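First the structure, in the form of structure tokens, and then the observations on it.
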Amino acid sequence: MTTLASLALSAESLASRHAPATGVPPLQKTLAELEAEAARLNAQQQQPSQNRGEALLAQSTFDARALHRQILELEQRAEFAQHRVEADGRDLDAALLARTDEVVVACIEGAVADAVEDGEKAALKEHLESWEVEKKRLLEDVGLKELKWETPAQSKVEDMQLTTVQSPPRRRALDDDARRHGEVVRRLNRYARLDASDRRRVDAEGGLRVASDFGALAPRPSQLSVAWRVVHAQCREDRSFDEALAAFPGQKRTACDAVRFNASKRNDNWLALGCRRAVEAQYRDYVDAKLKDAGPSLRTQVMGVATFDSSDDAARYAAYLRWRHQLPRETQDMNVLRNGEAAWPQLYAALRCGGARGGLAVCSAEPAFGVGLQRACRARAAYDDAVEVLGWAVDVDNAQKKVDETARELESARRACAAEHAAVLASASTTTCPYYASCANLLALDDADLRDERVQRTVEDFCWHALWFGTAPSGSREALRRAATQWGAAHFDPDGETPLQYATVLLLAGDCAGALAHLQKRRLPQEALHLGLALDAYGLLEHARSSTTDVLSPPKRHTTRSPFGGNGQPPGSLDEGYDLARACLAYARHVAAADASIALEYVFWPRHRDALVKREVSYDDFDKSVLGDALTSPAAATVSILLDTRAYDVICGAPTPASGRGRGALDDHLPPQLADQLIKIAARDAQKRGRPADAARLHSLTGDDVSVLRVLVERLGQVVATTNDADRAFWLETCNDFAERRIAAVVNELRASDEEELGYAFESLLNLAQFFDAVRADACSDALRSLDATRFVPSTDDSVGPCLDAFYRRDPTVQRLLPEVLGATMDVITKAYQSGRRARQDARFASAAAPGKPRLHDAADAAAQDLRKRAALLVDFAGLLKARLPDDVHARLGALEAMML
């Protein structure tokens, strides 16, 4: 409770701090006087100097939020300062607490407003990030996953190298993911090009590892990595079979040959066994991850330190299931224990993680499982090992005998196990331990359709159950394949967001073509392509038969118009299966703009794949003059990539000074003569497209100087009479450079091929270029001198006949220049005659002024007479020519003749 004395002391203390001592008289005041004095002093305290505040505000930065909160606080304080406490005995502390609460509330409201603003900014940032992710996914859907634009590097001008006037196309950078995938394909092609001895050496060092290399690039964890694990195990690139082959003394095949042999012989049990091991390895990783996370709790709270340390993973996983309340009551009521935990879940987990050999490690030393079940587990492990050896053995007959022997033992053990556990197999599944019933059913091979949802809870469990029965004697994956196709993609991927999950089911079922077609339809072409390359390298795609034509559901985002055009079905859609060669060409055209050498690896993979199968590569389609469509023909696709990217040095090799090329990416895939032939076809195609500079360069890369000369003659004939622009200057410079370097060698080739007229045309065009340049420069004497060098029009009476004969033998490119040459010649003669007329008049005046001296106008008269002679010969030459000339040329010839007369 505040008293008058304490309030007086507070007022005096406040006055002593903020006012002179004389401002407060030393006398007793009433409560009203004290309140008035306190209010005045408080007002003085809260009114800072205006000028000083403005100066500070101008000199420093401030936080708008903090300033807002301070304003609110000052408003509350000002309101409190003006508050009058009634002198009726009310508590001053309560008033102070109330005002304090109001100030706190105002601060809280300001903080809330700041939090709302921060939340809005965070939501906007999250929205932008989600849009970036969606945009990236959309780009991936249309096939733009690997590419990004980058500023083209400064091109380096090569010496003695034909270039083009057009600027090169912008290069796009290939992202790391696409580049690493391309390197894997390059290694795959390099392996396919090896001969038999080198291939055996590589196989001894590790063999073909295409599935491992591709799978290592998949993000983890992801459904794509699971799909690659299935391919990896099915192609035997893992080491899960080492124990089965350890005791096999016979000769073994390489992994590539073994997979191809079993695929061609339809040995589905061997392939299905690899798929089953992939699913088992996936579940083993799942169990290891759960035990790693829950290990401390299991050790200290659930099992105890001593029991946990002495137990194996099967017992720990059973304890984990009990701890997570995932064990059914029927399993706990059986009270059959192993290492202090329920025994049947341990056996099922061992079978699920390691197959029959893993189950044997759990049940071999436990009498609670029964002798019959232990025998069945041992027999199944032996049978699986025999099937594995059969797939690798070169001596198939002896290996098949071992398989038949173990199959008979497995049949006997299976019957014994069924008899021993007949009660649980015959009883209802809801009244017995589901793990007990599942283990007995699996080892007795009693009923493939008997599943308990409390045990088989996932798609992987369902597939493993089907593969367990499919890898048994007389078993197959047909039941799994039929279930997958009948249920369709909508069952395994109801929302359309995980198409790889259904593709993995199809791979496990042996429907490789259906899996790739499903991915292609769901707009995952890159994933489908690389999975297809790995499967095709081992022959699995070649012998696959898709049964998913009319079953798969349509994509989630259905469009009436296909991005591929046509009838709305993309290449490789379900109606036509999966065309790997077409997919390779399409992807190669996509990445060619960034890396042409990697694009060629995809183009030529079907060709190198033949080397793995037939040991001989066929190049029949490269020998054809008409290559076909770039979407179906590797040769046409190569030409298209070469001309579209203009990466001539990369694909063909850098040019050499002696008219040839170095080694390029094309030489890795084709013999030299076929590579040169393909470059010549590309050169002809470039000429048809109106790109003569590219055509000339490609011809020069093959060493065909005659074809280069033909392109130069044709192009020079088009620009020689035009204005002196950049295009004409480029071609004149190129032709002069070629004449300096290669004309001597070309002349010999022209004489050998009876095409000397082409060389004369080239020489005439160069002289005509000088003639037209002199005409534009009004250098009449130089122009007539260059014209005489061409021997195009006569200059004397004796040259009329030879010029006529030579004209008919000239190249058509030169013949087409006749109107321009005649017109320019008439201009030169007219200008020279007019300028000579003034010179002749001046010479006559000079001669008349100096009688007795030599006649000065005789030389001028001789020059005029020569021009009149040239004009007459030009008119006669044009009249004798059996060529149609424009009407204006004839009119100008008549005017020229009249002027000369």
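The values are calculated or read from the model by the stated rules, or taken from the named source; none is laboratory data. Source: prediction; values computed, not measured. Positions of Cβ are backbone-derived with ideal geometry, glycine not excepted, and every protein chain shown enters the neighbour counts. Surface accessibility is based on the protein's heavy atoms, side chains included, excluding ligands, DNA and RNA. Shrake-Rupley method; radii C 1.70, N 1.55, O 1.52, S 1.80 Å.
Inside region 208-253, residues that are part of a loop (DSSP other than H, G, I, E, B) and modelled with pLDDT under 80 make up a count of 10.
The criterion of at least 1 residues that are without any contact (Cβ under 8 Å) to a residue 24 or more places away in the chain and polar (S, T, N, Q) is met, among helices (runs of 4 or more DSSP H) falling completely within region 363-460, by 371-392, 396-420, 434-444. Can you find a residue that is hydrophobic (A, V, I, L, M, F, W, C) and modelled with pLDDT under 60 anywhere in region 106-127? So far as region 106-127 goes, no, none of its residues is hydrophobic (A, V, I, L, M, F, W, C) and modelled with pLDDT under 60. ALA440 meets the conditions (1) under 21 Å from CYS363 (Cβ atoms); (2) touching a Lys or Arg at 6+ places or on another chain (Cβ under 7 Å) in every case but one. The failed one is (2).
On the stretch given as region 319-363, residues that are touching a Lys or Arg at 6+ places or on another chain (Cβ under 8 Å) and more than 23 Å from TYR383 (Cα to Cα) total 5.
Filtered by the rule that a residue be of a type in the set (Ser, Thr, Tyr) and assigned to a helix (DSSP H, G or I), region 291-333 gives SER297, THR300, THR307, SER310, TYR317, TYR320, THR331. Of everything in region 334-352 that is in a helix (DSSP H, G or I) and in contact (Cβ under 8 Å) with a residue 60 or more places away in the chain, the residue that is most open to solvent (accessible area, probe 1.4 Å) is MET334.
Looking across region 391-414, the residues that are open to solvent by less than 20 Å² (accessible area, probe 1.4 Å) and closer than 19 Å to ALA272 by Cα come down to GLY391, TRP392, ALA393, ALA399, VAL403, THR406, LEU410. TYR286 fulfils the conditions (1) under 19 Å from GLN456 (Cα atoms); (2) without any contact (Cβ under 8 Å) to a residue 12 or more places away in the chain; (3) surrounded by 17 or more Cβ atoms within 10 Å (Cβ to Cβ) except for a single criterion, (3). Among the residues of region 469-513, just one is of a type in the set (Asp, Glu) and assigned to a helix (DSSP H, G or I), namely GLU478. Criterion applied to ARG785, ARG697 was being closer than 26 Å to GLY662 by Cα and of a type in the set (Lys, Arg), and the one residue passing it is ARG697. Could you list, in sequence order, the residues of region 656-673 that are free of Cβ contacts under 8 Å to residues at least 60 places away in the same chain, part of a helix (DSSP H, G or I) and open to solvent by less than 40 Å² (accessible area, probe 1.4 Å)? Selection gives ASP667 alone. Taking into account only those residues within region 779-796 that are closer than 17 Å to LEU873 by Cβ and of a type in the set (A, V, I, L, M), which is most open to solvent (accessible area, probe 1.4 Å)? By that ranking, first place goes to ALA789. Residue check: ARG776 meets all listed conditions (1) of a type outside the set (S, T, N, Q); (2) open to solvent by 30 Å² or more (accessible area, probe 1.4 Å); (3) in contact (Cβ under 8 Å) with a residue 40 or more places away in the chain; (4) more than 25 Å from GLU820 (Cα to Cα) but one, namely (4).
Looking only at residues in region 674-689 that are touching a residue at least 24 places away in the same chain (Cβ under 8 Å) and either open to solvent by 10 Å² or more (accessible area, probe 1.4 Å) or polar (S, T, N, Q) (or both), which one is farthest from GLY664 (Cα to Cα)? So the residue we want is ARG689. For region 256-266, the criterion of being β-branched (Val, Ile, Thr), at pLDDT 90 or above and in a helix (DSSP H, G or I) is satisfied by no residue at all. Scanning region 797-807 for residues that are open to solvent by 70 Å² or more (accessible area, probe 1.4 Å) and closer than 14 Å to LYS869 by Cα gives ASP797, ASP798. Close contacts from region 862-888, counting a first residue that is in contact (Cβ under 8 Å) with a residue 24 or more places away in the chain and a second that is of a type in the set (Phe, Trp, Tyr) and open to solvent by less than 30 Å² (accessible area, probe 1.4 Å), with Cβ to Cβ under 7 Å and a gap of 6+ residues or different chains, come to ALA864/TYR833; LEU867/TYR833; LEU881/PHE807. I'd like to check something: does region 780-787 contain any residue that is over 20 Å from ARG868 (Cα atoms), modelled with pLDDT of 85 or more and in a helix (DSSP H, G or I)? No. Pairing each residue of region 254-267 that is among the acidic types (Asp, Glu) with any residue that is open to solvent by 10 Å² or more (accessible area, probe 1.4 Å), provided the two are 6+ apart or on different chains, yields C-beta distances under 9 Å for ASP257/ASP203.
Scanning region 690-706 for residues being closer than 19 Å to ALA744 by Cβ and either surrounded by fewer than 24 Cβ atoms within 10 Å (Cβ to Cβ) or touching a residue at least 40 places away in the same chain (Cβ under 8 Å) (or both) gives a total of 6. Taken over region 646-655, the criterion of being open to solvent by 10 Å² or more (accessible area, probe 1.4 Å) and on the phi < 0 side of the Ramachandran plot is satisfied by ALA647, ASP649, VAL650, ALA654, PRO655. Can you name the residue in region 863-888 that is part of a helix (DSSP H, G or I) and among the basic types (Lys, Arg) and, of all such residues, is nearest to the chain's Cα centre (by Cα)? Result: ARG870.
The number of residues in region 707-730 being buried (at least 16 other Cβ atoms within 10 Å of the Cβ), assigned to a helix (DSSP H, G or I) and of a type in the set (A, V, I, L, M, F, W, C) comes to 8.
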